[in-house]
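Colleague: Structure in structure tokens, see below.
Bear in mind that the values in this text are calculations on the coordinates, not laboratory data. Just so it is clear, the model here is predicted, and its values are computed rather than measured. No Cβ is skipped: glycine too gets one built from the backbone with ideal geometry, and neighbour counts run over all protein chains shown.
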Amino acid sequence: MKAIVVEELGRSELRDDVQPVAVGPDEVRVRMRASGICRTDLSAAKGIWPTRLPVILGHEGAGEVLEVGADVDTVAAGDRVILANLRGCGKCYFCLRGERYLCGHEDQKGAAEHNFLLAGEPAFGMVGLGAWAEEVVLPEISVVPFVGDDVPFEIASLINCAVMTGVGAVIRTAEVEPGSSVVIVGVGGVGAAAVQGARLAGASTIVVVDPIESKFERMRQFGATHTVTPDGLAAAKEEATGGIGFDYAFENVGRTDTLRAAWDATRLGGMVVLSGIGSETTETGLSLYEATMEAKRLVGSVGGSVNPLIDYQMYLDLWRTGQLDLEGLITSKIDLADAPEAMDALDGGADISRQVIIFD
């Protein structure tokens, strides 16, 4: 079957000699139908996001269950499912404390177990998934069934990263209060979803910061009240908050300079939420003095702090009732073979929220 493979960092290619492993007792085989392209895929291809090679890229997607193992009882062949690397086992320390998104975090980051064969040799799915393949074999806990034949696969495919990370950071991680002021730094797919999350949470002021001005009209449709390029952030802070600073800042880029911008834009005692993923060596650029004396909370948000078994269907219901514009997140639909070029466009700073692979 076909899949997008990285054998050498910095070079991704379409291969046709990839196979999923055999289905184990607690595993399922899924035919992929749609998969989004995220900047984290690009980071994995470059080695910024730690992963084992060779790796099949892709971590955001939806498909149909083709086969289930003997011990699987939560899904059946024919079910429509969303991939879920953060669903959790339901039994460990983190799951029992309502933090399913932290279950197996380190193992999934490096894909401890291979779930593909490349020319007969082991190959690894990104974060244990590998959504840019025609088929994938996954543990039962890595899929979540969703209700409603009216939901297109390209809509469902956005849930496991762009939507859960962006909307979840606002609603679950930060628990933004109605009437609050919010600044969102970086509006790719995750940031664009965060704009909608801030609107859903009832934020009165939603400022978007991004260097690509062609995104701004779309962000205003999603709920942004102000849109500025990075050099306009200081003036926007003055205009929107009287210079006090924003109650919440969401950083979706993963760079030291953008974290600094988010931090400086936040009021004393406010919250800065990190959804952007830098490398393991990316520094915060903050001093211990200011971190203490400004009393701001710097919070990491893994997958929007969601419980996939509850939140995925909630997001689809919000889409169904017109409260989440997921069609608007999709800036293009592409074939699997176009994925390397699509990553190049993302890396080049194009006006992109989500490019979605549609499988035949």
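Colleague: Under a 5 Å amide H to amide H cut-off, with H placed in plane at 1.01 Å, what residues pair with Glu60 once short-range neighbours are removed?
Modeller: Close amide H contacts, sequence-distant or interchain: Gly36, Ala131.
Colleague: Taking only Cα atoms, what is the 0 to 90° angle, nearest 10, from helix 189-201's long axis to the longest principal axis of the chain?
Modeller: 60
Colleague: Taking 25 °C and 0.890 mPa s as the conditions, I'd like the Stokes-Einstein D for the chain in µm²/s, using the Kirkwood hydrodynamic radius from alpha carbon pairs.
Modeller: Translational diffusion coefficient: 120 µm²/s.
Colleague: Next question, about the same structure. Please name which of Asn85, Val68, Ile334 has its Cα lying farthest along the dipole of the chain towards the positive end, using unit charges on Cβ (Lys, Arg +1; Asp, Glu -1) and the Cα centre as origin.
Modeller: Of the candidates, Asn85 comes out farthest on the positive side.
Colleague: Along the Cα→Cβ direction, 7 angstrom out, place labels at Gln221 and Thr321. What is the inter-label distance in nm?
Modeller: 2.3
Colleague: Hey, another quick one. If you take the Cα Rg of region 17-157 and divide it by 2.2 N^0.38 Å, with N the number of residues, what do you get?
Modeller: 0.99
Colleague: Spin-label point model (7 Å from Cα, Cβ direction): what's the Ser204 to Tyr93 distance in nm?
Modeller: Once both label points are built, they end up 4.2 nm from each other.
Colleague: Just tell me which aspartates and glutamates come within less than 14 Å, Cα to Cα, of Lys2; anything on the same chain fewer than 8 places away is out.
Modeller: Glu13, Asp16, Asp17, Glu134, Glu135, Asp335, Asp338, Asp360
Colleague: Near Lys296, which lysines are there with a Cα under 30 Å away, not counting those fewer than 8 places off in the same chain?
Modeller: Cα-Cα hits under 30 Å: Lys109, Lys215, Lys237.
Colleague: Provide the FRET efficiency to the nearest 0.05 for the Asp26-Asp344 pair, computing r from the beta carbons and using R0 = 41 Å.
Modeller: Computed FRET efficiency for Asp26 and Asp344: 0.60.
Colleague: So, R0 is 41 Å and r is the distance between the beta-carbons of Leu268 and Ile310; what FRET efficiency does that work out to, to 0.05?
Modeller: Efficiency, rounded to the nearest 0.05: 0.75.
Colleague: Give the longest segment of the chain that steers clear of GluC sites (Glu not before Pro) in DSSP loops with at most 15 neighbouring Cβ atoms within 10 Å, not counting the sites themselves.
Modeller: Formally, the longest exposed-site-free interval is 1-112.
Colleague: Next question, about the same structure. With only alpha-carbon atoms in the gyration tensor, what are the semi-axes of the equivalent ellipsoid for region 163-302, in Å, largest first?
Modeller: Each semi-axis is the square root of five times an eigenvalue, giving 20, 16, 15 Å.
Colleague: Whose amide H sits under 5 Å from the amide H of Val272, counting only residues 5 or more places off or on another chain, with H placed in the peptide plane?
Modeller: Result for Val272 returns Ala249, Arg297, Leu298, Val299.
Colleague: May I pose another question? Would you mind working out the magnitude of the charge dipole of the chain relative to its Cα centre, with +1 at each Lys and Arg C-beta and -1 at each Asp and Glu C-beta, to the nearest 20 Debye?
Modeller: 840
Colleague: For region 315-338 and region 50-79, write down the distance between their C-alpha centroids in whole Å.
Modeller: Measuring centre to centre over Cα atoms gives 21 Å.
Colleague: Quote to one decimal, in nm, the extra length available between Asp231 and Glu113 on full extension: 0.36 nm per residue of separation minus the C-alpha distance between them.
Modeller: 38.0 nm
Colleague: Using 0.36 nm per residue of separation minus the Cα-Cα distance, give me the extension gain between Ser214 and Ser287 in nm, one decimal.
Modeller: 22.8 nm
Colleague: Which one of Phe250, Ala224, Leu286 has its Cα pushed farthest toward the positive end of the charge dipole of region 163-302, where Lys and Arg give +1 and Asp and Glu give -1 at the Cβ?
Modeller: Ala224
Colleague: What spacing in nm lies between the two simple spin-label points modelled at Arg260 and Glu64, each 7 Å away from Cα in the Cβ direction?
Modeller: 5.3
Colleague: Whole-Hz ³J(HN,Hα) for each residue in region 54-62, computed from phi via Karplus 6.51 cos²θ - 1.76 cosθ + 1.60 with θ = phi - 60°, x for glycine and proline: what do you get?
Modeller: Computed from phi, the couplings for region 54-62 are x, 10, 8, 6, x, 9, 10, x, 8 Hz.
Colleague: Oh, and also: Using alpha carbons only, how many degrees (0 to 90, rounded to 10) separate the axis of helix 256-265 from the longest principal axis of the chain?
Modeller: With rounding to tens, the tilt is 40 degrees.
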